[in-house]
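No lab work stands behind these numbers, since they all come straight from the coordinates. The structure displayed is predicted, hence computed values, not measured ones. Neighbour counts are summed over all protein chains in view; Cβ atoms, including those assigned to glycine, are modelled from backbone coordinates with ideal geometry.
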Amino acid sequence: MSTFKNYKAMVLSCIDPRFQNFVNKENAKKGLTNKYSAFTIGGGSIGVVAPTFKKWHQTFWENLDMSVQLHDIKKVIVINHRDCGAAKIAYGAEKIANRETETKIHRSSLIQFKNQLKVKQPKLVAELYLMDLDGSVISFN
Ligand SMILES: [Zn+2]
């Protein structure tokens, strides 16, 4: 379970239709219903850090800046997921076919995201997760 305090957050997750309800449920478990800004982009953190999707990166950071100003958010919760089409495009289908390699790719992308967040929004904290096809999550915090 997360150490959620009653702060507003941005939730960064993937556009994959299979995970929208799971992501909502995960946020509800954290007490975040109506307390988060949703930013949904192919790959979650992969869409924000992978060179393949370079054109998307600035859009995310500008939206985050706006959410900090408008909604007073204190953290970014990132929920990537397994069997992600954007991960396949960015890193190759063979990397995603192996569960261990897939985990490494997501961990690496999530940590890159956290490091960039420290530079761009030093006051915000990050929570990093990888969601499985049944909606269960592992944490990299
Ligand atoms: Zn995806």
Excluding residues fewer than 8 positions from Lys120 in its own chain, the lysines with Cα under 21 Å of it are Lys8, Lys54, Lys55, Lys74, Lys75
Residues whose modelled amide H sits under 5 Å from the amide H of Ser37, counting only those 5 or more places away in sequence or on another chain, are Ala9, Met10, Val11
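In the neighborhood of Glu102, defined by Cβ-to-Cβ distances under 14 Å, what is the net charge if each Lys or Arg adds +1 and each Asp or Glu adds -1? Provide the component values of the computation, followed by the final result.
On the way: positive: Arg82, Lys88, Lys95, Arg99, Lys104, Arg107; negative: Asp83, Glu94, Glu100, Asp132.
So the surrounding residues net to +2.
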Mean shadow area (nm²) of the C-alpha convex hull around segment 9-139 is 7.2 nm²
Listing Ile138, Ile105 by rising number of other beta-carbon atoms within 10 angstrom, fewest first, gives Ile138, Ile105
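Using helices alone, what [θ] at 222 nm do you get for the chain, with -39,500 (n - 2.57) per DSSP H run of 4 or more residues, divided over all residues and rounded to the nearest 500? It would help to have the intermediate numbers written out before the result.
Numbers: 6 runs with 67 residues, N = 141.
Mean residue ellipticity at 222 nm (helix-derived): -14500 deg cm²/dmol.
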With Cα coordinates, the longest principal axis of the chain makes an angle with the long axis of helix 20-29, in degrees rounded to 10, of 40 degrees
Scalar couplings 3J(HN,Hα) for segment 89-100 by Karplus 6.51 cos²θ - 1.76 cosθ + 1.60 (θ = phi - 60°), nearest whole Hz, x for Gly and Pro, are 5, 6, 10, x, 4, 5, 5, 7, 5, 9, 4, 5
